[in-house]
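The values are calculated or read from the model by the stated rules, or taken from the named source; none is laboratory data. Bear in mind that the values here come from a model prediction, so they are computed numbers and not experimental data. No Cβ is skipped: glycine too gets one built from the backbone with ideal geometry, and neighbour counts run over all protein chains shown. These accessible areas exclude ligands, DNA and RNA; they are computed on the full protein's heavy atoms, side chains included. Shrake-Rupley method; radii C 1.70, N 1.55, O 1.52, S 1.80 Å.
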Amino acid sequence: MRVAIAGAGAAGCFCAIELKRRRPDAEVVVFESGRRPLAKVAVTGGGRCNLTNTFAGIRSLAEAYPRGERLMKRVFRTFNHEDTFNWFTAEGIDLVIQDDECIFPASQDAMQIVRLLCRRMRELGVDVVTGTRIDSVKTLLEEYDCVVVTVGGIPRESGYSLLEGLDLETIPPVPSLFTFNLPDSPVRSLMGTVVEKAGVSLAGTRFKAGGPLLVTHWGMSGPAILKLSSYAARHLAEHSYEATLVVNWLDSPEQEARSLLESIASANSGKMVANAHPEDIPSRLWEYLVGKCGVREDAKWAELGGKGFNRLSAALVSDQYRICGKSRFKEEFVTCGGVALSNLDLDTLECRKHPGLFFAGEVIDVDAITGGFNLQAAWSTGYRAAVSISGKE
């Protein structure tokens, strides 16, 4: 059996390793357009490699995978996050689980993972050909028994030329993990401020998320913003990345916010409003919100009045900012879109129209929120493709 894999990313390399383990007699060639394999894995997780996640607190896969939940349910039957943990542990990689449920190598070095996968491919006899771009999958299918396409998220400008002649449905790719630019907002003066539990949403939509929020010199970032960018990726692209961001700094209902303010006022009636604040709100942010509500700097809690309470409680739970553009999240780049799931047998990842053609990784219309979920999709789909191919004659 001769198998060609287009793309030496996480899905492609993992597929090659598992395929050779099952079919040592198979000739497996991985083609990579870049100079080295696994370049994206080397920078993921800030260079520490967020391998996967415990999925604790994830009530349904749709929370982690805004697009591709159905597929992930299927592939998880074969290889899930627990299998990933066990696979790398069996390979001698010590792993650590962070408080946020993200799983990293204990070395905190992504290159440890890169070296491991490259070493295993070399030992198993996988032929990795770098600096070679695949221009036509159709041509590969004429030369090999099976072809696995794992080229990652395809930039809009290059399109899907490598899939020409295959008559496949594709979803235009757009970025799905990014931070928000707030170019005209004075909140940027609070750069470095972190709120550990905030709720964020887009006005006029059902898109919402929660988690830690970070104020930056360009706008807002942090897990809450990145989740929201993932959930609303296509909506924001369609609206040229212009929208109204609504921040709930307490991630609680307005009535709870008002009750909290009333209790603070009762305990600190003689103190200035700017000097007594909810414990979950950093002092700099509180002073900013007080000023934004038009409350005098020297105003005391006893002097606030009903309208002042209303303005402050509203600012805590529905603070609005105008999004004008996006910024890339560190060195990572994830897209939504790709080869539509309608093309595939979701149990095997084989193309319905072209027997012997498989897809894995981000090239499929599957993407996730930040936290190791995207790499998990790569491991799971790469593994599933390998299992499917190994059983073919």
Only one of Lys353, Lys326 is open to solvent by 40 Å² or more (accessible area, probe 1.4 Å), over 14 Å from Ala11 (Cα atoms), in contact with a Ser or Thr (Cβ under 8 Å, 6 or more places away or on another chain) and not β-branched (Val, Ile, Thr); which? Lys326
Report, by residue number, each residue of segment 202-216 that is in a loop (DSSP other than H, G, I, E, B) and in contact (Cβ under 8 Å) with a residue 12 or more places away in the chain. Ala203, Gly204, Thr205, Phe207, Thr216
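The rows are residues; the columns are (1) modelled with pLDDT under 95; (2) farther than 30 Å from Ser263 by Cβ; (3) polar (S, T, N, Q); (4) in contact with a strand residue (DSSP E or B) (Cβ under 8 Å, 6 or more places away or on another chain).
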site: Gln320; (1), (2), (3), (4): no, no, yes, yes
site: Ile323; (1), (2), (3), (4): no, yes, no, yes
site: Phe329; (1), (2), (3), (4): yes, yes, no, yes
site: Thr335; (1), (2), (3), (4): yes, yes, yes, yes
site: Leu341; (1), (2), (3), (4): no, yes, no, yes
site: Arg352; (1), (2), (3), (4): no, yes, no, yes
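Conditions tested, residue by residue: (1) of a type in the set (Ser, Thr, Tyr); (2) under 15 Å from the mean Cα position of the chain (by Cα).
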| residue | (1), (2) |
| --- | --- |
| Val41 | no, yes |
| Asn50 | no, yes |
| Asn53 | no, yes |
| Ala56 | no, no |
| Glu63 | no, yes |
| Glu82 | no, no |
| Trp87 | no, no |
| Glu101 | no, yes |
| Ser107 | yes, no |
If you go through segment 202-239, how many residues are out of contact with any strand residue (DSSP E or B) (no Cβ under 6 Å at 6 or more places or on another chain), under 16 Å from Leu182 (Cβ atoms) and not hydrophobic (A, V, I, L, M, F, W, C)? 3
Taking into account only those residues within segment 120-138 that are in a helix (DSSP H, G or I) and exposed (fewer than 14 other Cβ atoms within 10 Å of the Cβ), which is farthest from the chain's Cα centre (by Cα)? Glu123
Mind listing whichever residues of segment 158-201 are within 27 Å of Leu214 (Cβ to Cβ), out of contact with any Ser or Thr (no Cβ under 8 Å at 6 or more places or on another chain) and either open to solvent by 60 Å² or more (accessible area, probe 1.4 Å) or among the basic types (Lys, Arg) (or both)? Asp184, Pro186, Ser189, Val194, Glu196, Lys197
Determine whether segment 273-289 contains at least one residue that is in a helix (DSSP H, G or I), at pLDDT below 95 and aliphatic (A, V, I, L, M). yes
Out of the residues in segment 18-36 meeting the condition of being touching a helix residue (DSSP H, G or I) at 6+ places or on another chain (Cβ under 6 Å) and surrounded by 24 or more Cβ atoms within 10 Å (Cβ to Cβ), tell me which one is farthest from Ile364 (Cα to Cα). Val28
What is the one condition in (1) open to solvent by 60 Å² or more (accessible area, probe 1.4 Å); (2) out of contact with any strand residue (DSSP E or B) (no Cβ under 7 Å at 6 or more places or on another chain) that Val295 does not satisfy? (1)
Segment 371-393: number of residues that are surrounded by 24 or more Cβ atoms within 10 Å (Cβ to Cβ) and outside any helix (DSSP H, G or I): 2
Per-region count, segment 77-108, residues open to solvent by 30 Å² or more (accessible area, probe 1.4 Å), in a helix (DSSP H, G or I), out of contact with any helix residue (DSSP H, G or I) (no Cβ under 6 Å at 6 or more places or on another chain) and not aliphatic (A, V, I, L, M): 5
What is the residue count in segment 172-201 for residues that are under 18 Å from the mean Cα position of the chain (by Cα), assigned to a strand (DSSP E or B) and aliphatic (A, V, I, L, M)? 2
Scan of segment 298-308 for residues that are surrounded by 17 or more Cβ atoms within 10 Å (Cβ to Cβ) and part of a helix (DSSP H, G or I), ordered by number: Trp301, Gly308
Taking segment 18-32 only, how many residues are assigned to a helix (DSSP H, G or I) and either modelled with pLDDT under 95 or touching a strand residue (DSSP E or B) at 6+ places or on another chain (Cβ under 9 Å) (or both)? 2
Just for segment 36-85: of the residues that are polar (S, T, N, Q) and farther than 30 Å from Arg122 by Cβ, which one is modelled with the lowest pLDDT? Ser60
Can you find, within segment 207-240, the residue that is modelled with the highest pLDDT among those that are surrounded by 18 or more Cβ atoms within 10 Å (Cβ to Cβ) and on the phi > 0 side of the Ramachandran plot? Gly219
